[in-house]
1. Mind grabbing the base-10 log of I(q)/I(0) for region 48-129 at q = 0.13, 0.17, 0.19 Å⁻¹? Debye formula, identical points on the C-alpha positions, no solvent, two decimal places.
2. State the extension gain, in nm to one decimal, for the chain segment bounded by A37 and D112, taking 0.36 nm per residue of separation less the distance between their alpha-carbons.
3. Based on the Cβ-Cβ distance of H101 and N79, what FRET efficiency does E = 1/(1 + (r/R0)^6) give at R0 = 22 Å, to the nearest 0.05?
Amino acid sequence: KPFGGNMKFETRSYAHAVGEFNYHIQLTIAYRRQIFAKEKVLKLTKAYLVEKLNQINVELVCLEFGKDHVHLFVTNCKNYAPCQIVQFLKGFSSRMMRKNHNELFSEFLWGDKFWSEGYFCESCGSDFDKAYSYIENQEQHHGLA
């Protein structure tokens, strides 16, 4: 757990904005292949997602994987629409995984596919316990525990 108890975010004041910009994002692997069952694929994908979030200065609160998907809770997203964040994450991680580690999952995915076309995103306010609890316990939600 990155923190204990109930976490509340303060409304932030920026140079030209005031508010909260927190999102729960879920990305799914193409064809729902269970490539994250391989620990090395999971760790490498996680590293690329974190690297891209750092590059765009978006804060990662928590990150959890299922065998065929990933949940992220991000904050400090005022400079980007949710679809842009998703585009950055999927584009960078897909390109890096296929370019550098394709042999780890080529039996499950082919061509330029890594992520499915869609995604899930919800905006979360000051009290994000519901989203965090869901992400933290996602294995139970998907019958993986």
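1. With no solvent term, the Cα-only Debye profile gives -0.45, -0.74, -0.91.
2. 24.9 nm
3. FRET efficiency, H101 to N79: 0.15.
Rule-based calculations on the coordinates, nothing more; no lab input. All figures in this text were calculated on a predicted structure; none of them were measured in a lab. Cβ atoms come from the backbone with ideal geometry, glycine included; neighbour counts cover every protein chain shown.
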